[in-house]
1. Please give the number of the condition Lys173 fails out of (1) touching a residue at least 60 places away in the same chain (Cβ under 8 Å); (2) assigned by TED's automatic domain parsing to the domain that holds Asn146.
2. Here's a check for you: in segment 120-146, which residue that is over 16 Å from Asp177 (Cα atoms) and among the hydrophobic types (A, V, I, L, M, F, W, C) is surrounded by the most Cβ atoms within 10 Å (Cβ to Cβ)?
3. Of the numbered conditions (1) farther than 12 Å from Pro184 by Cβ; (2) part of a helix (DSSP H, G or I), Thr251 satisfies every one except a single condition; which is it?
4. Go through segment 51-90 and give me each residue that's exposed (fewer than 14 other Cβ atoms within 10 Å of the Cβ) and among the charged types (D, E, K, R).
5. Since Asn48 meets every condition but one in (1) assigned to a loop (DSSP other than H, G, I, E, B); (2) in contact with a helix residue (DSSP H, G or I) (Cβ under 6 Å, 6 or more places away or on another chain), which condition does it not meet?
6. Before we move on, is Ala190 over 15 Å from Asn259 (Cβ atoms), over 18 Å from the mean Cα position of the chain (by Cα) and either in contact (Cβ under 8 Å) with a residue 60 or more places away in the chain or crowded, with 19+ Cβ neighbours inside 10 Å (or both)?
7. Quick check: is even one residue across segment 245-252 touching a residue at least 12 places away in the same chain (Cβ under 8 Å), surrounded by 21 or more Cβ atoms within 10 Å (Cβ to Cβ), of a type in the set (A, V, I, L, M) and under 27 Å from Ser127 (Cα atoms)?
8. Assess whether Ala211 counts as being modelled with pLDDT of 95 or more and over 22 Å from His151 (Cβ atoms).
Amino acid sequence: MLSTLKTTLITLLLFTLAGCSTGLRIDRSHPSANQDNRIQFVVLHYTNASLERSLALLTHGEVSSHYLIGDGPGTVYELVDENRRAWHAGDSQWQGRTWLNSSSIGIEIVNPGFTDTPAGRVWHPYSEAQIQSLIALLKDIVKRNNIEPRHIIGHSDIAPLRKLDPGPMFPWKRLADEGLGIWPDANAVARQQAYFDVNPPGVGWYQQELARFGYAIEQTGVLDVATRHVLAAFQMRFRPQRFDGLPDAQTAAILQVLNRTR
């Protein structure tokens, strides 16, 4: 019995050694310089649902995100490991990249978005605790992944024809002040606006500059529905006081200043 067991163990050992000598060997001593991080963008969303409903949808529904920031104390929930792809962006495009699920981290923030009332649409603000949690989370993500501030974007940027989040109440300037985004210089905008008040650019100019900024937009030269949606998305982010999707001197000035300083 012992002799048989000994023979079996020796056979297994020899088989293992043979496998090691003839198996796959990988030489990792020549790493290429031509590579970068898979994660290039952070996309911000609101949930348009309560915390409980948001957790249910993002963990057992058809969509997901890497993080969820709750209401109240602004608790941060990690739902998907950053090394894995979450389904938060959908059909999307930014700076020529498509389907940003594969190249982004998604952060959802519990917020109802808006309520339509007889007096008009009412947008809901974010809490101070949520914004503080978001800033801390973004600083950690940006540092670990070496993400450029201009690559922190909204769902409405990458899908302007179908999405509005994170909405006009989202504090983009505050994030930019923390080094977590971009914001135009007010004096430069004022000077450029004075020029555009006298020399308004055509629709083709807006389409070219919006594409240069990162939006997916056809160069039709016509103020069509798609162009108005993209303009509205840009205005909602950088001039949330009015985002009607109509060209005007202030919008043109903001756009030109941002494109010149990127």
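1. (1)
2. So, considering only residues that are over 16 Å from Asp177 (Cα atoms) and among the hydrophobic types (A, V, I, L, M, F, W, C), the one surrounded by the most Cβ atoms within 10 Å (Cβ to Cβ) is Ile141.
3. Result: Thr251 passes all but (1).
4. The answer is Glu52, Arg53, Glu62, Glu78, Asp81, Arg84.
5. Answer for Asn48: the failing condition is (2).
6. Taking the combined requirement at face value, the residue satisfies it.
7. No, there is no match, as no residue in segment 245-252 is touching a residue at least 12 places away in the same chain (Cβ under 8 Å), surrounded by 21 or more Cβ atoms within 10 Å (Cβ to Cβ), of a type in the set (A, V, I, L, M) and under 27 Å from Ser127 (Cα atoms).
8. No.
The values are calculated or read from the model by the stated rules, or taken from the named source; none is laboratory data. None of these values were measured; they are calculated from a predicted model. All Cβ positions, glycine included, derive from the backbone under ideal geometry; neighbour counts span all protein chains shown.
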